[in-house]
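These notes are about the structure you will find just below.
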Amino acid sequence: MLTLTVENHFEDWRAKARTLLLAGVSPNEVIWEEPGQSGLFPTEYPLPPPSKSQTPIVTREFLSLAETISYHNSHQKWVLLYRTLWRLTLGGETHLLKRTTDPDILSLLRMRKEIARDIHKMHAFVRFKKTGDDMQSERENFMAWFEPDHRIMPLTAQFFQKRFTGMDWSIFTPTGSASWDGKTLRLGPGVDKVEVPKEELDELWRGYYKSIFNPARLKVKAMQAEMPKKYWHNLPESNLIESLISESRHRVQEMHKETLRSATSGGKNPYLKHLRNLTSHDENIVLNPDEHIRQPLSRIRELATCCQACPLHQKATGTVLGEGPADAEIMIVGEQPGDQEDLLGRPFVGPAGKLLDHFLSKTGIDRKECYVTNAVKHFKFIPRGNQRFHQSPNLYEISRCKPWLVGELQEVKPRIIILLGSTAARSLIGTHFKITQQRGIITGTGLAAKVIATVHPSYLLRIKDSQQQQHEKTLFLKDLQLVR
Ligand code: URA
């Protein structure tokens, strides 16, 4: 039996593994240890001489996987990596990495996933505290302490360099540290817990967190999965979380009540009367599709947060209302928020939004000057595995959402409306509208001086045939050019 000590980094393991492979040493004949692991009597034997003249070829895929796994905390990783390497090369199992049911491969993939998750958490939960100013360079100094599950400091340092490039900072973890001075990114050893100063930055974080915390969007389970309790003690906002959660039910109820109070006050608006009649209990807001909400845009936005007019609110993260100047000349109406829009709470920020932005700028339209919204304000999807697949809203859902859209329209009063796809056209023009046959300028709608109906950018993204896609894109551009 051969005992090898790996200085806990990839290059050291790689050099030793290569020598073992050249000597034809089977994984069962090696014990891999890390410094200090073997206790009183560390035993390292000389590496055996090569018995083969050429190192077996190892794929880039394996090397990249192995390098990532080398940052895992488990001592088992070196054993596992060498056994996989041996099976891939001398063992002749060249397609082993594809066998995702193999116990070794399963373990490696699990480890890779744990590292990816740890990186994600570190990106999200490192909190810098100000430690002073550098008088000479006029740069501020910051410091952070974080306890990742794995040795991932080297894998995350560049992220922080890019994100916080304008300040000098150091991040300390038990297994590695990093610092940035505006010019050089340095990696260093881990440290025992450092005292990170308490600073006014904590207050800023707390203020920020409170302002972005929306009780109507609260999903406690999802939030706790994202922000496990073990990170809370280093987060300045953590002492707010429990009280915000316990307050949130009450706050949502208050929002609903307030909605009803303001909606029913005076009872002049027929839609709102209707609402009062149909409401069976305080938490339901029932919308009448023939009316709109006569409120300023900011109020519409608040009220829509509570909308439960159709079942779509049950699965979506939250209501996604339109955005853009309240006096925009152009209003763009899409179908409904997609996956990314649902998570970010903003319309047209995913792939369809990117394509729309591209064509708008080709047409010379500045998206920032448009009011961009959707006919339906909640994401409709079916979950499959980890993914959520878009589903088109039905006529009932479109009509339940219409008061919000008409409310936005009445407030913005655009000169031009661009309807993207049949859902938008069905909502505002009529249920029998056929985009393919009636696209272009639509007259006599009474909605705005000009209404232009065209296809939805997601339709363009779905076309597989490149010639047809090109053709459709040209038509889309022509429709948008009508705006001029
Ligand atoms: N598709 C839409 O219709 N709207 C969005 O906001 C995103 C994708």
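The values are calculated or read from the model by the stated rules, or taken from the named source; none is laboratory data. Worth saying up front: this structure is predicted, and the values here are computed from it rather than measured. Quick reminder, even Gly has a Cβ in these numbers, built from the backbone with ideal geometry, and neighbours come from all protein chains shown. Just so you know, the surface numbers come from the protein's heavy atoms only, side chains and all, with ligands and any DNA or RNA stripped out. Shrake-Rupley method; radii C 1.70, N 1.55, O 1.52, S 1.80 Å.
Which residues does a label at R484 reach in segment 426-440, if reach means a backbone N under 14 Å from a point 7 Å past the Cα toward the Cβ?
Flagged as within label range: none.
Are there trypsin sites (Lys or Arg not before Pro) in segment 409-451 that DSSP marks as loop and that have at most 16 other Cβ atoms within 10 Å, and which are they?
Details: sites: R415, R426, K434, R439, K450; in loops: R415, K434, R439.
Filter output for segment 409-451: R415, K434.
Going 7 Å from the Cα of T443 along its beta-carbon direction, which residues of segment 407-422 have the amide nitrogen within less than 18 Å of the resulting point?
Inside the label zone: 416-417.
Send over a whole-number figure in Å² for the accessible area per residue of segment 283-399, probe 1.4 Å. Intermediate results must be reported in sequence, preceding the final value.
Values: 5190 Å² over 117 residues.
Averaged over the residues of segment 283-399, the accessible area is 44 Å².
Please work out the average accessible area per residue across segment 429-484, using the 1.4 Å probe convention, and give it in Å².
Working: 3500 Å² over 56 residues.
That works out to 63 Å² for each residue.
List every residue whose amide H lies under 5 Å from the amide H of L2, counting only residues 5 or more places away in sequence or on a different chain, with H placed 1.01 Å from N in the peptide plane.
V30, I31
Length gain on complete extension for the stretch E67 to R110, per 0.36 nm per residue less the alpha carbon to alpha carbon distance?
My answer for the length gained is 14.0 nm.
I need the peptides 74-81, 27-34 ranked by packing, meaning the mean over residues of other C-beta atoms within 10 angstrom, with the highest value on top. Write down the numbers at each step before the final one.
Details: 74-81: 18.9, 27-34: 16.0.
Final packing ranking: 74-81, 27-34.
Simple spin-label model, 7 Å along Cα-to-Cβ: S361 to T165 in nm?
1.8 nm
Give me the percent of accessible area attributable to carbon and sulfur for segment 330-484, probe 1.4 angstrom. Walk me through the numbers on the way to the answer.
Details: 3690 of 7430 Å².
Summing carbon and sulfur atoms, their accessible area is 50 percent of the total for segment 330-484.
Once the convex hull of the C-alpha atoms of segment 2-121 is built, how many Å³ does it hold per residue, rounded to a whole number?
Numbers: hull volume 12.6 nm³, N = 120.
Cα-based convex hull of segment 2-121, divided per residue, equals 105 Å³.
Once the piece of chain linking R186 and E29 is laid out straight, how much longer is it, given 0.36 nm per residue of separation minus the C-alpha distance between them?
Numbers: separation 157, 0.36 × 157 = 56.52 nm, distance 3.81 nm.
Gain in length upon complete extension: 52.7 nm.
Stretch E472-A124 to full length: gain in nm at 0.36 nm per residue minus the Cα-Cα span? Working shown, then result.
Values: separation 348, 0.36 × 348 = 125.28 nm, distance 4.06 nm.
Once the chain is fully extended between E472 and A124, it gains 121.2 nm.
Roughly how many Å² of I365 are accessible to a 1.4 Å probe, to the nearest 10?
I365 exposes around 20 Å² with every protein chain in place.
Quick check: net charge around Q295, other residues with Cβ under 11 Å of its Cβ, Lys/Arg +1 and Asp/Glu -1?
Working: positive: R294, R299, R301; negative: E302, E408, E411.
After counting each charged neighbour, the total is 0.
Semi-axes, largest first, in whole Å: what does sqrt of 5 times each Cα gyration tensor eigenvalue give for segment 315-481?
Values: eigenvalues 93, 80, 51 Å².
One finds semi-axes of 22, 20, 16 Å for segment 315-481.
Report the net charge of residues surrounding Q387, where surrounding means a beta-carbon distance below 14 angstrom and charges are Lys +1, Arg +1, Asp -1, Glu -1. Before the final figure, lay out the partial values.
Details: positive: K315, R384, R388; negative: D339, D342.
Its environment carries a net charge of +1.
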